[in-house]
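Working notes, beginning with the structure itself.
The values are calculated or read from the model by the stated rules, or taken from the named source; none is laboratory data. It should be emphasised that the depicted structure is a prediction, and the values quoted were computed from it without experimental measurement. Note that we place each Cβ from the backbone using ideal geometry, even for glycine, and neighbour counts take in every protein chain shown. For accessibility, only protein heavy atoms count, side chains too; no ligands or nucleic acids. Shrake-Rupley method; radii C 1.70, N 1.55, O 1.52, S 1.80 Å.
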Amino acid sequence: MLKAKILFVGPCESGKTVLANFLTESSDITEYNPTQGVRILEFENPNVASNKGTGCEFELWDCGGDAKFESCWPALMKDAHGVVIVFNADIPSHLKEIEMWYSCFVQQQFLQDSQCLLIAHHKPGSGGDMGSLSLSPPLNKLKLVHSNLEDEPEEIRMEFMKYLKNIISSMSESRDREEMSIIT
């Protein structure tokens, strides 16, 4: 059985924990309480299987956005298969901050852009503009999804499912190549 490690990273108060709970069907949190270090949510998704039809397990690492946890980042990044960068699209400073998250968690870990997903999270009642965001390179090459759990909750779940399928497909192909290199 394949097991994928997915990191949820991004600035403080961007909605990482709320999204993580929603996407893994974990408990609801009603008040803001900053994540201290990391929370690991384990889940299976019957709709996502490897190319051999075997099931998949996921670890979603909900990482605290405070810079005081930066010394922990290397441990969090170890063996990650994917990174989801969550930011609050209604806070202009977050657009600049996500460049740093991308640099640290994707580029410096030599992950492919296909292993990264950007989520512009709109908090309930924000009335945020779901239109296009102008992202600077190289962020403008990444898959960007808007989430609003009040108006269109199933849309973000569907996009996250597609992302997980891509991660598992990539892992399966990598494992197949490794097995073939051993055989030949």
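Considering only strands (runs of 3 or more DSSP E) fully contained in segment 65-184, which possess at least 3 residues that are in contact with a helix residue (DSSP H, G or I) (Cβ under 6 Å, 6 or more places away or on another chain) and touching a residue at least 40 places away in the same chain (Cβ under 8 Å)?
Ranges flagged: 82-88.
Just a yes or no: is a residue in segment 67-80 surrounded by fewer than 16 Cβ atoms within 10 Å (Cβ to Cβ), at pLDDT below 90 and not hydrophobic (A, V, I, L, M, F, W, C)?
The answer is no, given that none of the residues of segment 67-80 is surrounded by fewer than 16 Cβ atoms within 10 Å (Cβ to Cβ), at pLDDT below 90 and not hydrophobic (A, V, I, L, M, F, W, C).
I'd like to check something: does segment 96-109 contain any residue that is open to solvent by less than 60 Å² (accessible area, probe 1.4 Å), within 17 Å of the chain's Cα centre (by Cα), of a type in the set (Gly, Ala, Ser) and closer than 21 Å to ASN21 by Cα?
No; the residues of segment 96-109 include none that is open to solvent by less than 60 Å² (accessible area, probe 1.4 Å), within 17 Å of the chain's Cα centre (by Cα), of a type in the set (Gly, Ala, Ser) and closer than 21 Å to ASN21 by Cα.
Could you pull out the residue among SER169, SER114, SER174, SER134 that is among the small types (Gly, Ala, Ser) and more than 23 Å from PHE58 (Cβ to Cβ)?
Criteria check complete, one pass: SER134.
For segment 137-149, state whether one or more residues are out of contact with any Phe, Trp or Tyr (no Cβ under 6 Å at 6 or more places or on another chain), modelled with pLDDT under 90 and loosely packed, with under 14 Cβ neighbours inside 10 Å.
Scanning segment 137-149 turns up at least one residue that is out of contact with any Phe, Trp or Tyr (no Cβ under 6 Å at 6 or more places or on another chain), modelled with pLDDT under 90 and loosely packed, with under 14 Cβ neighbours inside 10 Å.
Only one of GLU13, GLU25 is open to solvent by 60 Å² or more (accessible area, probe 1.4 Å) and modelled with pLDDT under 90. Can you tell me which? Talk me through it step by step, then tell me what you get.
Numbers: GLU13 fails: modelled with pLDDT under 90.
Within the list GLU13, GLU25, the selection yields GLU25.
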